[in-house]
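Q: Quick one: this structure, given as structure tokens, is what I'll be asking you about.
The values are calculated or read from the model by the stated rules, or taken from the named source; none is laboratory data. Because the structure is a prediction, the values reported are computed rather than measured. Here the Cβ positions follow ideal geometry from the backbone for every residue, glycine too, while neighbour counts run over all protein chains shown. Accessible surface areas use protein heavy atoms only, side chains included; no ligands, DNA or RNA. Shrake-Rupley method; radii C 1.70, N 1.55, O 1.52, S 1.80 Å.
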Amino acid sequence: MSPLIGTLAYWREELRRHRTSPSELIRLLAHKIEEKDRITHAYLSWNLEEALRQAGQADAGSPLGGIPVAVKDNICVAGEPTRCASRFLSNYRSPCDAGAIVRLRRAGGIPFGRTNMDEFAMGASGENSAFGPTLNPRNARNVPGGSSSGSAAAVADGTAIAALGSDTGGSIRQPASHCGIVGLKPTYGRVSRNGLVAFASSLDQIGTLTQDVRDAALLLNAIAGHDPEDSTSDTRSPEDFTSLLGREVKGIRIGIPYEYSSSGNHPHVRGAVEKAAKTLNALGAEIIDISLPHSEAVVAAYYIIACAEASSNLSRFDGVRYGLRADDPKNLEDLYARSRAEGFGPEVKRRIILGTYVLSSGYYDAYYARAQKVRALIAGDFTRAFEQVDFILGPTAPTPAPLLHDADQTPLQRYLADIYTIPANLAGLPALSLPCLSPEASPDDLPTGIQLIAPHYREAKLLSIAYALEQSGLAH
């Protein structure tokens, strides 16, 4: 799919050569949003006046030179709404910038637009927003994926040049796959989580949604780096993630897990992975069959751990400190119960209940503690796999984008949509989704994505492999 607006790299060059200005670029995007977003509903809000004010102060010589970047609604931007697509925070405005936004501004980027999402990042379809679902710009009858639904749809629809999202179990990569763009989840700690409204703190990671691989590297350059306000933030020196783009992949060992070749995968998904493997092999990479033996346990372990952490993190939303407050409560208990009942949507309630249950007395060891042990086993699978191979190739999602409001899909079936993306979060690994058109697919078919997973802190090499695939015409 050809982009409907120039890439981040293209606009950076246009700005440096003074062929346009940040203000003109923001007005162009605002016009596209006004024209197209009534269909996709990728945005919850945008502040044109503030963006133009920042554009007037932009430095064309900075790395991003005044380029606007859309921001998922759970990443704090000072003075802007941070609703997490929830009624509970419908009137909340952030008093400060998230760590990633601080770095984005320092690099010359301008946060522009708050993108729709599944409420509190809980969902894989974009349907769980309290403000209405986002639609897939490729076909409005289908979901765009989630939870970074608005960020992915905006980039795919040409109403954003690039966007930031968050990924707890696939929330960047899965919508990137469904919308036909590039989604990158960095190593856990590579980008600050300070100012990211927490869903599951040991899994959450801010990352990028872009039109191509070079843009992913450029945007990661802007937001990655140590943040003293985040105790899990990586302390490594900054690096240039574009430095290896264009390198040969000859001699690189690519592993394909036996467990990722499920008969349940859609034929176009199987075809896309096979096409990517053949392309890498033709470029000189060695394709090796590997095993990740605990793959069957990833969804169960993830939903126990993630829901337990969500139960703890969302306890702060009690109707007292901030957010929605129930009218005329009878007592404190009534205030808590009614505020949460009125403020949270069904999926958030479901996960809080599950998380509270697995943390409760008598069940902690049976569920949460055991899930953490399984998590260690899953991480060990990757450690052993990376002794044999340099990178791992597989599907991003088992199917192309499902239909919107599919009544036949149970919550469990929706959870299984993240089966291939969850492992990278449990192990804290960097992973990238790249569009790939199956040989059997027609140009009118919904897009699919292939996923590349790398060892910790190997983003530059991961991007170089993805770039080689992209340049080979994988998405055509």
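Q: Output the peptides 320-332, 192-204, 56-68 sorted from most to least packed, where packing is the average of other Cβ atoms within 10 Å over each peptide's residues.
A: The peptides rank, most packed first, as 192-204, 56-68, 320-332.
Q: Related question: As an exercise, use a Förster radius of 51 Å and the Cβ-Cβ distance of Glu24 and Asp334 to find the FRET efficiency, rounded to the nearest 0.05.
A: So the FRET efficiency works out to roughly 0.40.
Q: With a cut-off of at most 11 other beta carbons within 10 Å, and DSSP calling the residue loop, which GluC sites (Glu not before Pro) in the range 19-59 qualify? Please list them.
A: Within the range 19-59, no GluC sites (Glu not before Pro) qualify (loop, at most 11 other Cβ atoms within 10 Å).
Q: When the dipole is taken about the Cα centre of the chain, and only Lys, Arg (+1) and Asp, Glu (-1) are charged at their Cβ, what size is it in debye, to the nearest 20?
A: I would put it at about 420 debye.
Q: Then there's this: Keeping all protein chains in the complex and leaving out DNA, RNA and ligands, what accessible area do you get for Asp318 with a 1.4 Å probe, in Å² to the nearest 10?
A: 20 Å²
Q: Would you mind working out the accessible area per residue for the range 1-156, using a 1.4 Å probe, and quoting it in Å²?
A: 37 Å²
Q: Moving to a separate point now. Convert each backbone phi in the range 172-179 into a coupling constant with the Karplus relation 6.51 cos²θ - 1.76 cosθ + 1.60 (shift: θ = phi - 60°), then list the ³J(HN,Hα) values in order as whole Hz, x for Gly and Pro.
A: 9, 6, 5, x, 4, 4, 5, 9
Q: Which of the lysines could be linked to Lys461 by a straight reach, that is with a Cα gap under 18 Å, when you skip same-chain ones fewer than 8 residues away?
A: By straight Cα distance, Lys461 reaches Lys185, Lys250.
Q: Here's a follow-up. Enter the accessible area per residue of the range 165-260 (Å², integer; probe 1.4 Å; all protein chains in place).
A: 30 Å²
Q: Give the percent of DSSP beta bridges with both residues in the chain that are antiparallel, rounded to the nearest 5.
A: Antiparallel: roughly 65 percent of the beta bridges in the chain.
Q: Right, here's the next one. Would you mind telling me the share, in percent, of accessible area of the chain contributed by carbon and sulfur at probe 1.4 angstrom?
A: 50 percent
Q: Separate question: Taking the full set of protein chains and a 1.4 angstrom probe, give the accessible area of Thr242 in square angstrom, rounded to the nearest 10.
A: 30 Å²
Q: Now a separate question. Convex hull volume of the Cα atoms in the range 1-94, per residue, in Å³?
A: Looking at the range 1-94, the number lands at 120 Å³ per residue.
Q: Okay, moving on. With every protein chain kept in place and ligands, DNA and RNA left out, what is the accessible area per residue of the range 430-475? Probe 1.4 Å, answer in Å². Write out the running numbers ahead of the final one.
A: Working: 1390 Å² over 46 residues.
Here the per-residue accessible area is 30 Å².
Q: Ignoring ligands, DNA and RNA, how do His41, His405 rank by accessible area with a 1.4 Å probe, largest first?
A: His405, His41
Q: What's the magnitude of the charge dipole for the range 1-77 around its Cα centre, counting Lys and Arg as +1 and Asp and Glu as -1 at the beta-carbon? Answer in Debye, nearest 20.
A: Numbers: 10 positive and 10 negative charges, 40 e Å.
Using only the charged Cβ atoms, the result is roughly 200 debye.
Q: To continue, here is another question. For the chain, what does -39500 (n - 2.57) per DSSP helix run (n ≥ 4), summed and divided by total residues, give at 222 nm, in deg cm²/dmol to the nearest 500?
A: So the calculated ellipticity at 222 nm is -11000 deg cm²/dmol.
Q: Continuing with the same structure: Sort Thr208, Thr235 by accessible area with a 1.4 Å probe, largest first.
A: Thr235, Thr208
Q: Work from the charge dipole of the chain (Cβ charges, +1 for Lys and Arg, -1 for Asp and Glu, about the Cα centre) and give the residue of Ala58, Thr410, Ser311 farthest towards its positive end.
A: Ala58
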